[in-house]
Amino acid sequence: MELTDILSKEEWKQLAEEIYEKFGINGGVNDKQGLIVAFSSKWANEFCPKIKGGEQSRTICATAHQYLLKEAQEKKEAAIGECDVGFTKFVVPIFYKGEFLGTAGGCGFLEEDGEVDTFYMAKVLNLNEKEIEGKLTQIKKLSPSELKEAIEYVKKRIEQILQAYKS
């Protein structure tokens, strides 16, 4: 079974857009292999599209996602982590009748005490470190309670989607 057996890509995209609209972070839905099914059309910050769009830098997203996907699948609960540049990412596993189908979640923000690795980001994006430092205030920060709220929201929406599918 695949995620697209439950909802179309366009309908999963609505969930990704909701995550962005409600929390100001990149919303995404990925299949069990970690491939993107849907992603929000707006970005949480100006660095993520550059990272995701770069030939070498896109592994920053993919590596973090694969790790969190595996953790969420094994533990059957939300997983939180950081990509190599320091942005926080969370994924909520999607299980239907015990079968793992993928994840939904958000990324591109910092936890309250989180930091961006400006040196590494400058290196992979071929930017000046000072340029990056000057734009760090524009990066969304979530408190622990806001992060918990975002995760709970995604969990609840997944439950609603699966409940509607069953009926």
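Quick notes on this one:
- Residues that are in a loop (DSSP other than H, G, I, E, B) and open to solvent by 80 Å² or more (accessible area, probe 1.4 Å) were ranked within region 112-127; the one that is nearest to ARG58 (Cα to Cα) is ASN126.
- Test for ILE80: is it among the β-branched types (Val, Ile, Thr), closer than 25 Å to GLY114 by Cα and in contact (Cβ under 8 Å) with a residue 24 or more places away in the chain: yes
- Scanning region 27-55 for residues that are in contact with a helix residue (DSSP H, G or I) (Cβ under 6 Å, 6 or more places away or on another chain) and either open to solvent by less than 80 Å² (accessible area, probe 1.4 Å) or farther than 19 Å from GLN138 by Cβ (or both) turns up GLY27, GLY28, VAL29, ASP31, GLY34, VAL37, ALA38, PHE39, SER40, ILE51, LYS52.
- Residue among ALA72, ALA62 that alone is surrounded by 22 or more Cβ atoms within 10 Å (Cβ to Cβ), of a type in the set (Gly, Ala, Ser) and under 22 Å from GLY114 (Cβ atoms): ALA72
- Cβ-Cβ contacts under 8 Å between residues 6 or more apart (or on different chains), taken from a first residue in region 151-167 that is of a type outside the set (A, V, I, L, M, F, W, C) and open to solvent by 20 Å² or more (accessible area, probe 1.4 Å) to a second residue that is part of a helix (DSSP H, G or I) and modelled with pLDDT of 95 or more, are listed as TYR153/ILE19; TYR153/LYS22; TYR153/PHE23; ARG157/LEU15; ARG157/GLU18; TYR165/ILE6.
- Checking ALA72 against (1) of a type outside the set (Val, Ile, Thr); (2) closer than 17 Å to ILE158 by Cβ; (3) in contact with a Leu (Cβ under 8 Å, 6 or more places away or on another chain); (4) not in a strand (DSSP E or B), the condition it does not meet: (3)
- Contacts under 6 angstrom Cβ, first residue in region 1-22 being modelled with pLDDT of 95 or more, partner surrounded by fewer than 16 Cβ atoms within 10 Å (Cβ to Cβ) and assigned to a loop (DSSP other than H, G, I, E, B), 6 or more apart: TYR20/LYS42
- Taken over region 75-111, the residue count meeting the criterion of being in contact with a Cys (Cβ under 8 Å, 6 or more places away or on another chain), open to solvent by 10 Å² or more (accessible area, probe 1.4 Å) and either at pLDDT below 95 or not in a strand (DSSP E or B) (or both) is 1.
The values are calculated or read from the model by the stated rules, or taken from the named source; none is laboratory data. Worth saying up front: this structure is predicted, and the values here are computed from it rather than measured. Glycine gets a Cβ as well: all are built from the backbone with ideal geometry, and neighbour counts include every protein chain shown. Protein only, heavy atoms only, side chains kept; ligands, DNA and RNA dropped before computing areas. Shrake-Rupley method; radii C 1.70, N 1.55, O 1.52, S 1.80 Å.
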